[in-house]
1. Does ALA76 fit the bill of being under 28 Å from LEU140 (Cα atoms), in contact (Cβ under 8 Å) with a residue 40 or more places away in the chain and outside any loop (DSSP other than H, G, I, E, B)?
2. Residues being touching a residue at least 24 places away in the same chain (Cβ under 8 Å) and either surrounded by fewer than 16 Cβ atoms within 10 Å (Cβ to Cβ) or among the aliphatic types (A, V, I, L, M) (or both): count how many of those fall in the stretch 19-37.
3. Taking the conditions exactly as written (in contact with a His (Cβ under 8 Å, 6 or more places away or on another chain), at pLDDT 90 or above and not in a loop (DSSP other than H, G, I, E, B)), does ALA105 satisfy them or not?
4. Give the residue, chosen from ARG46, ARG28, that is more than 23 Å from LEU148 (Cβ to Cβ) and either in a helix (DSSP H, G or I) or not polar (S, T, N, Q) (or both).
5. Quick check on this structure: which one of MET11, MET48, MET1 is at pLDDT 95 or above and either loosely packed, with under 11 Cβ neighbours inside 10 Å or within 25 Å of GLU111 (Cβ to Cβ) (or both)?
6. Looking only at the stretch 32-43, filter to residues that are modelled with pLDDT under 95 and part of a helix (DSSP H, G or I); which one of those is nearest to GLY84 (Cα to Cα)?
7. Restricting attention to the stretch 106-153, report how many residues are within 30 Å of ARG82 (Cα to Cα), surrounded by 12 or more Cβ atoms within 10 Å (Cβ to Cβ), over 15 Å from the mean Cα position of the chain (by Cα) and not basic (Lys, Arg).
8. Restricting to the stretch 89-102, name every residue that is assigned to a strand (DSSP E or B) and more than 26 Å from ARG36 (Cβ to Cβ).
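The values are calculated or read from the model by the stated rules, or taken from the named source; none is laboratory data. Here the structure is a predicted model, which means the values were calculated and not measured. Cβ placement follows ideal geometry from the backbone for every residue including glycine, while neighbour counts extend to all protein chains displayed.
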Amino acid sequence: MSQRGRASLPMDDSIFFKLVRVVNLTARPFVESVGRMHKLSLNEWRVMLVLASHPGAAAQEVALHTGLDKMTVSRALAGLARHGRLVKKQDPADKRRTCLWLSAAGQRVYEKIGVSGKAREGQLFSAVGRGDQEHLARTLDTLIATLLAADAQPD
């Protein structure tokens, strides 16, 4: 590969890499302690977050909200079900659709972990002013919409 081609590849000071790093640094304490304590994978936690905000969502909707692929969501749902943290019901309006909710046990785990999650979020944004946070939120929404639109385009 030419030197010019190499220079155009993402580098560790790129915004993209920095976003990935923020996600990893934010998730690390979860993986190292909270997840182990509650026998919960990071992807199971991500699915729980969506189901807490969107009770009755289908697996496809969970994949859309998390950005995870369908197989990863399926594995996370299986893990939640195995630990009694998930309720599945067939949608009466569409028999092909399964609606998902956190069970009472799932809700309890979500509430326990949510406290430390909010604390971690507070740490993350403690040095960022409210206006910058709002601007970042709008920018991230734009990035998400751009990626979803690109992924919806036929190849």
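1. So ALA76 does not fit the description; no.
2. Within the stretch 19-37, residues that are touching a residue at least 24 places away in the same chain (Cβ under 8 Å) and either surrounded by fewer than 16 Cβ atoms within 10 Å (Cβ to Cβ) or among the aliphatic types (A, V, I, L, M) (or both) number 4.
3. yes
4. Among ARG46, ARG28, only ARG28 is more than 23 Å from LEU148 (Cβ to Cβ) and either in a helix (DSSP H, G or I) or not polar (S, T, N, Q) (or both).
5. From the options MET11, MET48, MET1, the qualifying one is MET48.
6. HIS38
7. 4
8. Once the filter is applied, which keeps residues that are assigned to a strand (DSSP E or B) and more than 26 Å from ARG36 (Cβ to Cβ), the stretch 89-102 yields LYS89, GLN90, ASP91, ASP94, LYS95, ARG96, ARG97, THR98, CYS99.
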